[in-house]
1. Out of region 431-442, which residues are more than 38 Å from the chain's Cα centre (by Cα) and surrounded by fewer than 16 Cβ atoms within 10 Å (Cβ to Cβ)?
2. Go through region 159-267 and tell me which strands (runs of 3 or more DSSP E), entirely inside it, have 3 or more residues that are crowded, with 16+ Cβ neighbours inside 10 Å, on the phi > 0 side of the Ramachandran plot and at pLDDT 85 or above.
3. Could you please give the count of residues in region 448-482 that are surrounded by 21 or more Cβ atoms within 10 Å (Cβ to Cβ) and of a type in the set (Val, Ile, Thr)?
4. Anything in region 502-540 that is closer than 29 Å to residue 63 by Cβ, assigned to a strand (DSSP E or B) and at pLDDT 80 or above? List them, or say none.
5. Any idea which residue in region 450-476 is nearest to residue 416 (Cα to Cα), counting only those that are modelled with pLDDT under 95 and of a type outside the set (Gly, Ala, Ser)?
6. If a residue has to be surrounded by 14 or more Cβ atoms within 10 Å (Cβ to Cβ) and either without any contact (Cβ under 8 Å) to a residue 12 or more places away in the chain or not small (Gly, Ala, Ser) (or both) to count, how many in region 47-71 make the cut?
7. For region 374-384, which positions are within 12 Å of residue 349 (Cα to Cα) and not β-branched (Val, Ile, Thr)?
8. Go through region 365-398 and give me each residue that's in contact with a Gly (Cβ under 6 Å, 6 or more places away or on another chain) and either β-branched (Val, Ile, Thr) or surrounded by fewer than 14 Cβ atoms within 10 Å (Cβ to Cβ) (or both).
Amino acid sequence: MNGKLLVIGFGPGSSDHITERARAAIQESDIIIGYKTYVDLITVLLTDQKIISTGMTEEVSRAQEAVRQAELGLKVAVISSGDAGVYGMAGLVYEVLIEKGWKKETGVEVEVIPGISAINSCASLLGAPVMHDACTISLSDHLTPWKLIEKRIDAAAQADFVIALYNPKSGRRTRQIVEAQNILLKYRSPETPVGLVKSAYRDRQDVIMTNLKDMLNHDIGMLTTVIIGNSSTFFYDDLMITPRGYTRKYTLSQTEQPLKPHQRLRKEAEPWALEQENHQTEPLAATEVKAAEFSSREVADQALHSILGERNNPKRDAFIQQPIQTIFEFAVSPGVVNKNFTPKQMITLAEIVGEEGSMEYTQDHLIKLQVPTSNHNEITEKLNAVGFLLSPVGDVLTLKACDFCYGEKKDSIPFAEELQKKLGGIELPKELKVGFNGCGMACYGAVREDIGIVYRKGAFDLFLGAKTVGRNAHSGQIVAEGIAADEIVNIVEQIVQEYKDKGYPNERFHKFFKRVKRVHGFEYQDVTPNLKIEAAPCGD
């Protein structure tokens with residue numbers, strides 16, 4: 001039986017602001033999946049549910065695990081603070097489902113449960129700053145190129161929107177809020193009211209009223225929402241208020257209003273109002289009948305048809321859609337064995353990346369690319385045409401093979417190529433690296449990878465569970481020597497499949513091996529030196 005996905009927005013975090021449906025959904029779930037901080041915020045609502053929590057930036061892993069558990073027939077709660085559909089998990093859950101071919105009628109049931117978004121909760125603490133047109137912009141460039149974020153800030157500033165900035169600053173990401181302020185100051189007064197709200201309705205709530213020029217003098221972090229007023233926003237008695245514009249239609253200080261209710265939507269009172277003929281209270285003069293034959297909507301449709309070359313089409317049956325440009329992220333290399341780039345390959349890379357993209361050479365002899373595009377197929381065709389091997393990036397399997405002494409030690413090359421063909425790029429709980437050395441010298445460092453394979457005397461030695469970083473880093477444990485050549489690929493496949501099926505989201509292979517104690521018949525042994533390691537300032 002199919003399970004159910006409950007994608008829950010639980011609001012700012014206080015129990016008073018969680019909806020009754022969100023409470024019930026949390027309590028009826030078998031599993032709770034969420035960012036650890038968010039799980040902590042709803043601890044009082046938990047009973048005997050299984051908890052799967054991960055760190056920040058691991059949303060994809062959470063969404064994938066949620067879908068997997070729901071497909072096993074369980075009722076799974078995926079939690080987000082604020083609203084799940086505003087920088088939350090709702091869209092990502094749907095994306096994971098769509099990639100798996102999910103259909104609404106036949107697949108797992110999905111219910112998105114709304115919550116109070118940060119723009120609403122923070123606005124309520126400030127007063128009424130978003131009474132008129134407003135927008136939200138995240139300053140995190142983790143998923144969106146900064147150049148695009150700059151354009152959005154610029155456009156919103158020019159259009160005089162009230163702006164709520166999400167994710168304004170973090171420990172390592174500090175320049176974005178400074179650049180956002182510089183853009184806004186091009187269009188708005190330095191005295192423009194700004195509200196800074198940290199941890200709205202939580203224990204460490206902090207509310208600061210300031211202005212655009214001074215806002216960076218205050219503490220701003222990832223838990224802060226920055227609300228920047230428009231040209232009419234003002235402060236009054238420690239409140240931040242944006243008028244909606246009623247003074248244009250009413251005289252607030254008078255009991256007797258100049259415009260009666262039936263008069264307010266006349267053309268002379270509201271020249272911007274649509275569908276004027278539907279609001280007329282007096283008969284139209286004969287000279288006005290012709291002008292009123294078409295509604296404002298019909299006039300707009302006629303203009304659209306003219307643009308589309310459908311001037312004579314009485315029905316609107318087409319729409320304009322801009323090409324959707326996304327960031328295509330992947331890695332390229334000359335091949336499994338080959339480490340030499342050709343001039344033609346480098347020229348092709350430069351042309352594809354252009355001024356808007358980026359490329360980074362990694363320690364794995366790969367070039368990681370980020371290319372803004374609306375046609376990724378065209379890019380892959382061009383790169384394949386010049387002989388590149390393309391690989392996905394992220395939580396996937398990466399094969400790191402030596403150059404086999406420039407191809408001289410070639411006996412094991414076919415096995416490396418077969419592993420790449422069968423396993424390269426498959427999605428896993430966490431990034432996994434398979435190191436492959438073509439001789440017993442192991443100079444390429446295969447033993448320092450999650451899975452190490454060393455070709456020696458016509459057979460293979462197998463190493464598992466290396467820890468590649470940290471002060472207690474160690475080589476992999478040797479679990480088998482002299483594996484027959486015709487068995488190595490199948491054995492590695494089985495190990496990787498077991499990790500894929502049983503690994504927790506974001507669980508590295510060495511932790512998985514230590515937890516399960518046995519992988520494909522190979523027993524875990526603790527190879528960590530028995531030393532007391534002092535915690536480093538930046539973590540362990």
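1. Once the filter is applied, which keeps residues that are more than 38 Å from the chain's Cα centre (by Cα) and surrounded by fewer than 16 Cβ atoms within 10 Å (Cβ to Cβ), region 431-442 yields 440, 441.
2. Working: elements: 162-166, 193-198, 206-211, 224-228, 234-236, 239-241.
Qualifying strands (runs of 3 or more DSSP E): none found.
3. Qualifying residue count for the region: 4.
4. Selection gives 519 alone.
5. 456
6. First pass over region 47-71, keeping only residues surrounded by 14 or more Cβ atoms within 10 Å (Cβ to Cβ): 49, 52-54, 58-71.
Filter once more, so that each one left must be either without any contact (Cβ under 8 Å) to a residue 12 or more places away in the chain or not small (Gly, Ala, Ser) (or both): 49, 52, 54, 58-60, 62, 64-65, 67-69, 71.
Count: 13.
7. Of all residues in region 374-384, those within 12 Å of residue 349 (Cα to Cα) come to 379-380, 382-384.
Answer for region 374-384, where residues must be within 12 Å of residue 349 (Cα to Cα) and not β-branched (Val, Ile, Thr): 382, 383, 384.
8. Selection gives 371, 396.
The values are calculated or read from the model by the stated rules, or taken from the named source; none is laboratory data. Bear in mind the structure is a predicted one, so any value in this text is a computation, not a measurement. All Cβ positions, glycine included, derive from the backbone under ideal geometry; neighbour counts span all protein chains shown.
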